[in-house]
Each structure stands twice: as C-alpha cells, then as structure tokens.
Amino acid sequence: SLLDAPEDAKPPDSVLESLAMELGLATGRKPRRPCPVKTREGFTLRIDFGWPEVGLGVELDGYETHCTRDAFANDRRRDRILFELGWTVLRFTWSEIIGERQRVVNGLAAAWDRCAARRKSFHGFAVK
C-alpha cells in the first residue's frame with residue numbers, strides 16, 4: 001500500500017496514480033513511474049507508468065485533464081506514436097481503478113504476459 005512505500009519513493013502526482021500504481025505492483029511486477037519513452041524524433045513522452053522491458057504502458061485518464069477536445073486528440077496522437085514504437089498502452093479511468101480492482105490487476109498481468117511473449121518472439125530473448 002501507499003503507506004508501505006520506501007521513504008525515498010517519488011510521491012505520485014495524483015490519488016488516481018497512487019491507486020493505479022498499487023494495482024501495477026499487485027501484478028507482481030514493479031512498474032516504472034513515470035515511464036519515459038524516446039520518440040524517433042528525439043522527444044520524450046511520459047507514460048504514467050509502465051514496464052519498458054516489455055513495452056507495456058498505462059495511462060490514467062482523469063476527467064479534469066482529459067475532457068477537452070485537444071486533450072482527447074493529443075491522447076490519440078500519443079497512443080499512435082507509442083504503438084509505432086512497439087508499445088501497448090492501456091488506458092484506465094477513475095471508476096475502473098476504484099471499482100474494478102481485480103479486473104484491472106488481472107488485465108495488467110495478462111497484458112504483461114502477452115507483451116513479454118511478443119517481445120520474446122520478435123527479439124528472440126526471454127523477459128524476466
């Protein structure tokens with residue numbers, strides 16, 4: 001839980017991120033937060049959290065930040081860029097994080113396994 005985090009851990013940017021991070025840890029694999037990804041153009045995209053070793057990212061879509069037309073369009077553009085770089089991005093809302101904890105954990109674990117298998121078959125190495 002949040003109370004068990006090491007003292008030097010970077011505090012989450014929001015309650016949504018802290019709850020989602022707990023769900024990420026519940027998969028048994030520690031995600032990186034935030035998770036920077038370099039684009040081909042040299043820019044860095046910041047994913048809320050993710051597992052770079054398998055190319056799996058999680059974006060948390062709070063309504064206040066993602067409710068405008070510009071934010072909606074920007075989210076889709078980012079998803080396409082990340083897809084082109086070989087990333088799978090899962091998006092979750094507040095209601096999913098709060099009300100569907102086990103489904104989210106199971107979905108993250110299954111997605112990690114699929115991404116790891118895809119990386120292994122594509123790159124020919126095992127992911128831990």
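The values are calculated or read from the model by the stated rules, or taken from the named source; none is laboratory data. Bear in mind that the values here come from a model prediction, so they are computed numbers and not experimental data. Backbone-built Cβ (ideal geometry, glycine too); neighbour counts: all protein chains shown. Only protein heavy atoms, including side chains, enter the accessible area calculation; ligands, DNA and RNA are left aside. Shrake-Rupley method; radii C 1.70, N 1.55, O 1.52, S 1.80 Å.
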For the range 90-102: of the residues being touching a residue at least 24 places away in the same chain (Cβ under 8 Å) and either of a type in the set (Val, Ile, Thr) or in a loop (DSSP other than H, G, I, E, B) (or both), which is surrounded by the most Cβ atoms within 10 Å (Cβ to Cβ)? ILE97
How many residues are assigned to a helix (DSSP H, G or I) and modelled with pLDDT under 85 when one looks only at the range 54-73? 8
Per the list (1) at pLDDT below 90; (2) among the aromatic types (Phe, Trp, Tyr); (3) surrounded by 13 or more Cβ atoms within 10 Å (Cβ to Cβ), residue check on TRP87 breaks on (1)
Across the range 15-59, the tally of residues that are free of Cβ contacts under 8 Å to residues at least 24 places away in the same chain, of a type in the set (Phe, Trp, Tyr) and crowded, with 17+ Cβ neighbours inside 10 Å stands at 0
Which of the residues that make up the range 12-48 are modelled with pLDDT under 80, in a loop (DSSP other than H, G, I, E, B) and in contact with a helix residue (DSSP H, G or I) (Cβ under 8 Å, 6 or more places away or on another chain)? PRO12
Top-ranked residue of the range 103-128 - restricted to ones that are open to solvent by 90 Å² or more (accessible area, probe 1.4 Å) and either charged (D, E, K, R) or within 14 Å of ALA20 (Cβ to Cβ) (or both), ranked as modelled with the lowest pLDDT: LYS128
